[in-house]
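Notes for the one structure printed next.
The values are calculated or read from the model by the stated rules, or taken from the named source; none is laboratory data. Just so it is clear, the structure is predicted and the values come from calculations on it, not from any experiment. Cβ coordinates were reconstructed from backbone atoms using ideal geometry, including for glycine residues, and neighbour counts include every protein chain displayed. In case anyone asks, the SASA skips ligands and DNA or RNA and just uses the protein heavy atoms, side chains included. Shrake-Rupley method; radii C 1.70, N 1.55, O 1.52, S 1.80 Å.
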Amino acid sequence: MGGFRLRLRVASVAAFMGLAVTTGASADVVLGSFDFNSLQFGDSLIQSDGGTFAGSNWLNTTNVDPGASGYLTGANFETGIGNIGNLSNPVYTILYNTAIQNGAGYDLGVVTSQFSVGDTITLAVSTDGGATFSADQDFGPGLAVDTGVASSYFYNGGIGGSANLFVTSIDLSSFGIAANASINAVRITGVPELDLNRVAGFAVGAVPEPSSLALAGVATAFGLIFARRRRAAV
C-alpha cells in the first residue's frame, strides 16, 4: 500500500480554543468564527458503495474506526472520510432529523481538513428525505475558509497528524430552495482528494451574507501554502 503524507502545522493555543461545544438541547457548536446548530448535524448516512471506501479511508481523533454511524454524523468534527475522489469516487447521502432552513445568507457549511483546500466539492440537496435531489453543484477550493482551528487525526488506523479545518459555506438559494423552505438531506462527493468531516447547518444569523464571506474565501485561497498527501495505487 502506498504512503500517506500529512503536512503538520504548529497551531497556537488560541487556535485550538476556537473549537468549542456548548451544552443544552439547542446548543451551538463553534468552529473558529463559524457557529453551527448542534441539531443540524447529520443523523444518518447512506454510502453509495456500502462503506467499502470509508472502511479503509476513515479519519478520527482517536485511533478507532468510527463506523458507518460515525463517519460524517454527530455534532462534532472528530471524524471524517479521507481521500474521496482518489482511486474511488463514492457518494455520501447525509440525512437530518432537524431540517435546515433557507434563511438570509449562508445556511450550511461543509467542513473539510487542511489537506483538502485544493479540492472541489460536489453537492446536491433534498427536501423529501433523499427521495429526490436537486442538480449537483460544484464548489471550488477558492471558497474554503480557514477556521484557524487545528485537530489531530488518525488515518485508517495508521499515521496521524495535525490539520487545520476549513469551511465552505453554502446558500440554499443557489439550489432553488425558496426562502424559509427547508432541506433534510444532502448528497456529497469531491475530487481529487477530498477530506470530508461534516456538512451541518449554521445557527441562525451566525454567518455573514454570501458576498462578504466569498471575498474572505478568495483572500484565504490566495494566501495558502500547502502540501498535498498522495496515496499510491495498491
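Brief remarks on what is shown
- Cβ-Cβ distances below 7 Å connect the following pairs, each with a first residue in segment 84-98 that is touching a residue at least 60 places away in the same chain (Cβ under 8 Å) and hydroxyl-bearing (Ser, Thr, Tyr), a second residue that is open to solvent by 20 Å² or more (accessible area, probe 1.4 Å) and assigned to a loop (DSSP other than H, G, I, E, B), and a separation of six or more residues or different chains: Thr93/Gly130; Tyr96/Asp43.
Here's the yes/no breakdown for (1) within 29 Å of Asn97 (Cα to Cα); (2) open to solvent by 10 Å² or more (accessible area, probe 1.4 Å); (3) at pLDDT below 75; (4) over 16 Å from the mean Cα position of the chain (by Cα):
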{"position": "Ser151", "(1), (2), (3), (4)": "yes, yes, no, no"}
{"position": "Ala185", "(1), (2), (3), (4)": "yes, no, no, no"}
{"position": "Pro192", "(1), (2), (3), (4)": "no, yes, no, no"}
{"position": "Pro208", "(1), (2), (3), (4)": "yes, yes, yes, yes"}
{"position": "Gly223", "(1), (2), (3), (4)": "no, yes, yes, yes"}
{"position": "Ala227", "(1), (2), (3), (4)": "no, yes, yes, yes"}
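- Any hit, segment 189-208, residues being aliphatic (A, V, I, L, M), out of contact with any Gly (no Cβ under 8 Å at 6 or more places or on another chain), in contact (Cβ under 8 Å) with a residue 40 or more places away in the chain and over 22 Å from Ala27 (Cα atoms): no
- Selection status of Ala216, open to solvent by 10 Å² or more (accessible area, probe 1.4 Å), at negative phi and at pLDDT below 75: yes
- Lone qualifier among Asn180, Asn86, Asn184 - being in a strand (DSSP E or B) and of a type in the set (S, T, N, Q): Asn184
- Among residues of segment 30-47 being in a loop (DSSP other than H, G, I, E, B) and out of contact with any Leu (no Cβ under 8 Å at 6 or more places or on another chain), the one that is farthest from Gln101 (Cα to Cα) is Ser33.
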